[in-house]
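**Student:** Dropping a structure here in structure tokens format, bear with me for questions.
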Amino acid sequence: MSKAIGFDTTQVFIAGRWRAPAGGQQLPLVDPSDGQPLAHIARGTAADVDAAVQAAQAALDGPWGACTAAERGRLLMTLSARVLEQADELARLEALDVGKPLKQGCADAVALARYLEFYGGAADKVMGQTIPFANGYTAFSMREPHGVTAHIVPWNYPMQIIGRSVGAALAMGNACVLKPAEEACLTALAFARIAQEAGLPDGALNLVPGLGEEAGAALSAHPDVRHISFTGSVLVGGLIQAAAARNAVPVTLELGGKSPQLVFDDADLDAALPFLVNAGIQNAGQTCSAASRILVQRGLFDAVVARMAERYRALRVAPALADPDVGPLISRRQQEIVQGYLALVRDSGLAIAAQAPLPPDLPAGGCYVAPTLVTGARPGDRIAQEEIFGPVQVVMPFDDEADALRIANGTAFGLVAGVWTRDGSRALRLARKLHCGQVFINNYGAGGGIELPFGGVKHSGHGREKGFEALYGFSVLKTVAIKHD
Ligand code: NAD
């Protein structure tokens, strides 16, 4: 399969025009499957960000702002159809850029199309309320766009994250400035091209690639940005929240997790097993909602470890274009971080229950890490507390429901949890007591669940994306009270 990109990757997209970044500089993209140079992207700076914010404001004051909700919905539907037509090509770009296996890239493209379809369909169905109020008044509420919204996106799921945040923001009539990650930019660039072809008015979507501390920081501090949505690390999430606080604007932060799956001794193990493993190794473990902790009731512990180990040993690791189970990590830096955790596992005397083999013919420059299943850790150990963001899962035993809950809730994070049990009462009790934003009973992830509100508590962040709920986040409630008598 060719590595040709097929379009100019070095430009910013502002006010419907593609041009070189103001500073004239570029950043290199590397193919993580072999470490070879892939392309160059624009190094957008504060000047580009400012131009993009002004273009977005002009769009709100112009044709984009004049669109009806139904017109916005139809545009998103058209965009969705075009994304779907190009799903295979988008998957190929994501494989080259992120090292994502083709099947997963294709699933991401389909999810992007589905977000656009969902939010396109919802655009003209967000309504206010009439409010029973004092005699002589009529009072009602309505939802309006924030204005210019900033979307700072990471490298792990660019298409899905663009879909859920830009899709919902556009549906509500905001104008967006998108800052993709410097490690992975190609599908964001392709998306902006598709949006332009689909007829999105100039300035409704603007794209400024660049460094986080440069373009990202300028965007989050810009005084005319009225909402920021960010997905990424806890550290940068804190910086963004501080910048937003200085301008008193709302933020949605999705900061990852250390999500558990709880396996009780009455669980349907055959049903659970694929989810236990896949939720750890999907996208080489670089998933915010990765199930990086598997908690197993003591009676089943050995059986679960043995059956997970069998699956680990059968995993195929290969370059992304070969569509393996597990591709490379995004970068040398991420590979070194994960290798550091594996060194910690060895130095702490923990057991490696299984590792997928790394084939000898993997490209030498690729950022591969052998998927690794770890046992012997205590719940408070670093390996069981910190987000590794690699294909590493920790399996730990628990005694009873209270013990499981204490371990599950015992990290700084709270994004997602899975519960495997045939006891319906227990499932409902745990659904209430788990500290996180989503609980899955006898499944994990619900196949992506575009309709299901998503977000965290504690260090996993706050605010909700996905589902109808996101439309409330990307809008402002205005109340009107009319005195007529
Ligand atoms: P990051 O938080 O540095 O980057 C995410 C996005 O924020 C990128 O677009 C980046 O350019 C931008 N950014 C960086 N610094 C910024 C700043 N000062 N102001 C504004 N924007 C800024 O994440 P990373 O360094 O790529 O990854 C580090 C760790 O973060 C990973 O190991 C993982 O644990 C976590 N992470 C989580 C998610 C998630 O889905 N929640 C995604 C990516 C990374």
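**Student:** Which peptide among 393-404, 420-431 comes first, and what is the full order, when sorted by highest mean count of other Cβ atoms within 10 Å?
**Tutor:** With the highest mean Cβ count within 10 Å placed first, the list reads 393-404, 420-431.
**Student:** Another question about this same structure. With n ≥ 4 as the cut-off for DSSP H runs, can you work out [θ] at 222 nm for the chain, using -39500 (n - 2.57) per run divided by the number of residues, rounded to the nearest 500?
**Tutor:** Estimated from H runs of four or more residues: -11500 deg cm²/dmol.
**Student:** Stretched out fully, how many nm does the piece from GLN25 to ALA446 gain, at 0.36 nm a residue minus the Cα gap?
**Tutor:** Separation in residues times 0.36 nm, less the Cα-Cα distance, equals 147.3 nm.
**Student:** Can I ask one more? Show me the ranking of peptides 452-464, 25-37 by mean Cβ neighbours inside 10 Å, starting with the highest.
**Tutor:** For the peptides 452-464, 25-37, the packing ranking is 452-464, 25-37.
**Student:** Separate question: Please turn the phi angles of segment 416-430 into ³J(HN,Hα) values with the Karplus equation 6.51 cos²θ - 1.76 cosθ + 1.60 (θ = phi - 60°), one per residue in order, whole Hz, x for glycine and proline.
**Tutor:** 9, 9, x, 10, 10, 7, 9, 8, x, 5, 4, 4, 5, 4, 5
**Student:** What is the distance, in nm, between label points placed 7 Å from the Cα along the Cα-to-Cβ direction at TYR137 and at LYS103?
**Tutor:** Those two pseudo-labels are separated by 5.9 nm.
**Student:** For segment 355-368, in order, what is each residue's ³J(HN,Hα) by Karplus, 6.51 cos²θ - 1.76 cosθ + 1.60 with θ = phi - 60°, in whole Hz (x at glycine and Pro)?
**Tutor:** Karplus-based 3J(HN,Hα) across segment 355-368 equals 9, 6, x, 9, x, x, 8, 4, x, 4, x, x, 9, 8 Hz.
**Student:** While we're here: Between ASP347 and ASP265, take the C-beta separation as r, use R0 = 41 Å, and let me know the FRET efficiency to the nearest 0.05.
**Tutor:** Numbers: r = 33 Å, r/R0 = 0.80.
About 0.80, to the nearest 0.05.
**Student:** Something else now. Could you check the spin-label model distance between LYS125 and GLN339? Points 7 Å from the Cα along Cα→Cβ, value in nm.
**Tutor:** Taking the two extended label points, one gets 5.0 nm.
**Student:** Further question on the same structure: Post the alpha-carbon centroid distance, segment 404-447 to segment 309-382, in whole angstrom.
**Tutor:** With segment 404-447 and segment 309-382 each reduced to a Cα centre, they are spaced 26 Å.
**Student:** Starting from the Cα of ALA66, step 7 Å toward the Cβ, then list every residue of segment 198-234 with an amide N under 19 Å from that point.
**Tutor:** 199-205
**Student:** While we're looking at this one, here's another question. Quick one: which residues, 5 or more positions from VAL30 or on another chain, have an amide H under 5 Å from its amide H? H modelled 1.01 Å from N in the peptide plane, none for Pro or chain starts.
**Tutor:** Under 5 Å from the amide H of VAL30 lie the amide H atoms of LEU38, each far enough along the sequence or on another chain.
**Student:** Just order 278-288, 311-321, 226-236 by mean Cβ neighbour count inside 10 Å, highest at the front, would you?
**Tutor:** Order by mean packing, descending: 278-288, 226-236, 311-321.
**Student:** With labels modelled as points extended 7 Å from the Cα through the Cβ direction, what inter-label distance (nm, one decimal) is found for ARG313 paired with GLN241?
**Tutor:** The modelled label-to-label distance comes out at 4.5 nm.
**Student:** Another question about this same structure. Under the definition of Cα pairs under 8 Å and six or more residues apart, what whole-number percent is the relative contact order of segment 260-449? Walk me through the numbers before you get to the answer.
**Tutor:** Values: 352 pairs, mean separation 53.0, N = 190.
Answer for segment 260-449 is 28 percent.
**Student:** Per-residue HN-Hα couplings for segment 227-242, Karplus 6.51 cos²θ - 1.76 cosθ + 1.60 at θ = phi - 60°, whole Hz, x for Gly and Pro?
**Tutor:** Karplus-based 3J(HN,Hα) across segment 227-242 equals 7, 10, 10, 9, 10, x, 7, 4, 4, 5, x, x, 5, 5, 5, 5 Hz.
**Student:** Quick one: PHE474, PHE389, fewest Cβ neighbours within 10 Å first, how do they rank?
**Tutor:** Neighbour counts put them in this order, fewest first: PHE389, PHE474.
**Student:** Okay, moving on. Can you list residues from other chains, or at least 5 along the same chain, whose modelled amide H is less than 5 Å from the amide H of LEU205?
**Tutor:** Residues meeting the criterion, in which the H sits 1.01 Å from N, are CYS176.
**Student:** Find the relative contact order for the chain and round it to a whole percent, using C-alpha pairs within less than 8 Å whose residues are 6+ positions apart.
**Tutor:** 18
**Student:** For GLY418, what residues show an amide H to amide H distance below 5 Å, using hydrogens built from the backbone and excluding near sequence neighbours?
**Tutor:** Amide H to amide H, under 5 Å and 5 or more residues apart or across chains, GLY418 pairs with GLN261, LEU262, PHE440.
**Student:** Step through the table entries LYS103/LYS466; LYS100/LYS258; LYS179/LYS258; LYS100/LYS433; LYS3/LYS466; LYS125/LYS258, compare each Cα-Cα distance with 30 Å, and write down the pairs that go over it.
**Tutor:** Among LYS103/LYS466; LYS100/LYS258; LYS179/LYS258; LYS100/LYS433; LYS3/LYS466; LYS125/LYS258, the Cα-Cα distance tops 30 Å for LYS100/LYS433; LYS3/LYS466; LYS125/LYS258.
Coordinate-derived values only; no laboratory data. Please read these numbers as outputs of a predicted model, since none were measured by experiment. Reconstructed Cβ throughout: ideal geometry from the backbone, glycine too, with neighbour counts over all protein chains shown.
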